Amino acid sequence: MDVATLQKQLKHGKIAPVYLVQGQEAYLVAQVKRAFRQLLSEEELTMNFGAYDMTVTPLAVALNDAMSAPFFGERRVVFIENSIFLTADAKKAKVEHDVASLLTYLGNPLDSTQLVIFAPYAKLDERKKVTKQLKRVAQQVDVKPLTQQRAQSYVTDYLKRQQLTMAPQAMTLFLQRTEANLSIMMDELPKLRLYALEDHEISQTAVDQLVAQSLEQNVFSLVDAVMAQNVAQAVQLYSDLLLQKEEPLKINAILLGQFRLLLQIKILQKNGYSQGSLAQVLKVHPYRVKLAIGQARHFQQASLRAAYLGLVDMEYKMKSTQEKPELLFQLFVMQFVDKAIVS
């Protein structure tokens, strides 16, 4: 189920003893936690709520809490966070977890306890007995990163409830500035709401003035200029970043990461991976994958590989010579334009 369905069920008293919350969308995770905390009064939160991080706390400690009767209340809420024992990386855990006890608990969970297990991972180990049993017993809540369309729809619905609208051009810019990341979008909306108090519409000007581009986004604009083979624009954008006191090595690292992504996408697409599966395999936000597919489409794999290696060489020279970063970057762009093979 999605978060909205969960909120409705909890509000109407349709409450299960065990929940599995899987995904990494921070805003949705926060909404889930808030919904469960609201099952308890302020006084009950002190005595009947517990949150346990499995990276530092044994599972047995959380289960002992879950098996305890509520203290002066009707229910107990227990969060089990970072449940690494559900993944293939369980052996890397620094804390030993008694998974057998969880299996026993799942066989007969207490109705008076809401045990909420958070799994902030794209994929669980489906071979594990505990994963299979948990999925059979628990109500499953999806908090995975949303696609661009779903994130936009979520924001539009939110604005509608606030009696606000966002102009189409403003929404396009908003998606670009936030990379269609729901958590970032929801963090930016309060100041946009204040800006739109009088006319109840968020304009493109408001988004441009209030939602800043991150260094990564500025570098993405730089990548766009490089991919468009616009040497003058690329060099100007690079100089602007240096004037903003951005570190050349940091800029280069982000450029390397973006060209690595383009190369990976080109290779995986040749092997039959779809847009949806690419985001999961590469562990990259779906919106970034969508943009990267558009960029990679116009170049052959050999050109992207040459660009990546060119950036590796540029980083080496920045660390080992006294050559100016601007000149190294200009040389990189000119070599890319000269050797690039358009698909």
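The values are calculated or read from the model by the stated rules, or taken from the named source; none is laboratory data. Because the structure is a prediction, the values reported are computed rather than measured. Positions of Cβ are generated from backbone atoms using ideal geometry, with glycine treated the same way; all protein chains shown enter the neighbour counts. Calculation scope for accessible area: heavy atoms of the full protein, side chains included, ligands and nucleic acids excluded. Shrake-Rupley method; radii C 1.70, N 1.55, O 1.52, S 1.80 Å.
Here are some notes:
- Some residue of segment 177-192 being open to solvent by 60 Å² or more (accessible area, probe 1.4 Å) and polar (S, T, N, Q): no
- Of the residues in segment 127-140, at least one is in contact with a strand residue (DSSP E or B) (Cβ under 7 Å, 6 or more places away or on another chain) and part of a loop (DSSP other than H, G, I, E, B).
- Of the residues making up segment 312-328, those that are closer than 25 Å to Leu261 by Cβ and out of contact with any Phe, Trp or Tyr (no Cβ under 6 Å at 6 or more places or on another chain) are Val312, Asp313, Glu315, Tyr316, Lys317, Met318, Lys319, Pro325, Glu326, Leu328.
- Among the residues of segment 202-229, those identified as of a type in the set (D, E, K, R) and free of Cβ contacts under 8 Å to residues at least 40 places away in the same chain are Asp208, Glu216.
- Only residues that are more than 21 Å from His97 (Cβ to Cβ), open to solvent by less than 70 Å² (accessible area, probe 1.4 Å) and without any contact (Cβ under 8 Å) to a residue 60 or more places away in the chain were counted across segment 115-155, and they come to 4.
- Residue ID - most open to solvent (accessible area, probe 1.4 Å), chosen from residues in segment 1-14 that are of a type outside the set (S, T, N, Q) and assigned to a helix (DSSP H, G or I): Lys11
- Annotation for segment 64-78: no member residue is closer than 30 Å to Ala180 by Cβ and acidic (Asp, Glu).
- Elements of type helices (runs of 4 or more DSSP H) in segment 230-298, at least 2 residues being open to solvent by 20 Å² or more (accessible area, probe 1.4 Å) and without any contact (Cβ under 8 Å) to a residue 60 or more places away in the chain: 231-243, 248-270, 275-282
- When Glu198 is tested against (1) closer than 25 Å to Arg161 by Cα; (2) in contact with an Asp or Glu (Cβ under 8 Å, 6 or more places away or on another chain); (3) modelled with pLDDT under 85, exactly one condition is not met: (2).
- Which listed residue is of a type outside the set (Ser, Thr, Tyr) and exposed (fewer than 14 other Cβ atoms within 10 Å of the Cβ), from Val56, Val78: Val56
- When restricted to residues that are under 19 Å from Gln233 (Cα atoms), open to solvent by 10 Å² or more (accessible area, probe 1.4 Å) and either acidic (Asp, Glu) or touching a residue at least 60 places away in the same chain (Cβ under 8 Å) (or both), segment 299-334 contains 4.
Residue-wise test of (1) out of contact with any Ser or Thr (no Cβ under 6 Å at 6 or more places or on another chain); (2) farther than 30 Å from Leu192 by Cβ.
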| site | (1), (2) |
| --- | --- |
| Ile80 | yes, yes |
| Ile84 | yes, yes |
| Ala88 | yes, yes |
| His97 | yes, yes |
| Val116 | yes, yes |
| Glu126 | yes, yes |
| Val141 | yes, no |
| Gln148 | yes, no |
| Ala170 | no, no |
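- Only one entry in Ala51, Ala62 is in contact (Cβ under 8 Å) with a residue 12 or more places away in the chain, open to solvent by less than 70 Å² (accessible area, probe 1.4 Å) and either over 19 Å from Leu103 (Cβ atoms) or out of contact with any strand residue (DSSP E or B) (no Cβ under 9 Å at 6 or more places or on another chain) (or both), namely Ala51.
- Failed item, numbered, when Ala88 is tested on (1) closer than 20 Å to Gln133 by Cα; (2) at pLDDT 85 or above; (3) open to solvent by 20 Å² or more (accessible area, probe 1.4 Å): (2)
- Subset tally (residues that are open to solvent by less than 50 Å² (accessible area, probe 1.4 Å) and either more than 27 Å from the chain's Cα centre (by Cα) or more than 30 Å from Pro286 (Cα to Cα) (or both)) for segment 15-48: 9
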